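> Dropping the structure in here first, questions after.
The values are calculated or read from the model by the stated rules, or taken from the named source; none is laboratory data. Computed from a prediction, not measured in an experiment: that's the story for all the values here. Cβ sites come from the backbone with ideal geometry, for glycine too, and all protein chains shown count toward neighbours. In case anyone asks, the SASA skips ligands and DNA or RNA and just uses the protein heavy atoms, side chains included. Shrake-Rupley method; radii C 1.70, N 1.55, O 1.52, S 1.80 Å.
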Amino acid sequence: MPGKSARITISAGPVFAEAELFVESSESARMIYDALPVTGHANLWGDEIYFAIPVSCGLGPEAQETVELGDLGYWPTGKAFCIFFGPTPISSGSEIVPASAVNVVGRVAGDPK
């Protein structure tokens, strides 16, 4: 996704990942960035981590029904931040399918696994 991005660090216990939020091209990404730092209780759904965050917005032009390995998403239905590192229970093959459309707001830097 083109445009300016903002670097963030995602941590879960001893695990850290560098990532970028697409703040120039995504209103959802700007809202998430403005809400930082956020903490939450992580949930797993297949190879997706998601947790509720204090951001509320609808689907934007960056919304997608399928995502790529390492994508970061905002799921309006659950007001949640999502990290996609593999197939979900409704995926077919290696395709990564969220429960419903998500705004793709960023990407994990490096290997998302």
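> Let me know the charge dipole size of the stretch 39-113 about its Cα centre in debye, to the nearest 20, where only the beta-carbon of Lys, Arg (+1) and Asp, Glu (-1) is charged.
Charge dipole, the stretch 39-113, about its Cα centre: 240 debye, nearest 20.
> Take the solvent-accessible surface of the protein heavy atoms, probe 1.4 Å, and return the percent of it on the chain that carbon and sulfur atoms account for.
On the chain, the fraction of accessible area on carbon and sulfur atoms equals 55 percent.
> Looking at I53, A101, F81, which one has the Cα that reaches farthest to the positive end of the dipole of the stretch 28-113 (charges on Cβ: Lys, Arg +1; Asp, Glu -1)?
The residue sitting farthest along the positive end of the dipole is I53.
> Filter the GluC sites (Glu not before Pro) in the stretch 1-40 to those in DSSP coil with at most 13 other Cβ atoms within 10 Å of their Cβ, and list the result.
The qualifying sites are E24.
> Zone of E65 (label point 7 Å along Cα→Cβ, backbone N under 11 Å): which residues in the stretch 29-47?
It comes to no residues whatsoever.
> Please identify, among L72, L59, L44, the residue showing maximal mean-square fluctuation in a Gaussian network model of the chain using a 10 angstrom Cα cutoff.
With Cα springs under 10 Å in the chain, the top fluctuation among L72, L59, L44 is at L44.
> Which trypsin sites (Lys or Arg not before Pro) from the stretch 1-33 combine a DSSP loop assignment with at most 15 other Cβ atoms within 10 Å?
Here the sparse-neighbourhood loop sites are K4.
> Another question about this same structure. Across the stretch 27-40, in residue order, what do the Karplus-derived ³J(HN,Hα) couplings come to in whole Hz, using 6.51 cos²θ - 1.76 cosθ + 1.60 with θ = phi - 60° and x for Gly and Pro?
4, 4, 4, 5, 5, 5, 4, 5, 8, 5, x, 10, 10, x
> Which value does Rg/Rh take for the chain over its C-alpha atoms, Rh per Kirkwood?
That ratio equals 0.92.
> Here is a follow-up. How large is the accessible surface per residue of the chain, computed with a 1.4 Å probe and reported in Å² as a whole number?
54
> State, to one decimal in nm, how far the label point of E27 lies from the label point of A6, with both points 7 Å from Cα in the Cβ direction.
1.7
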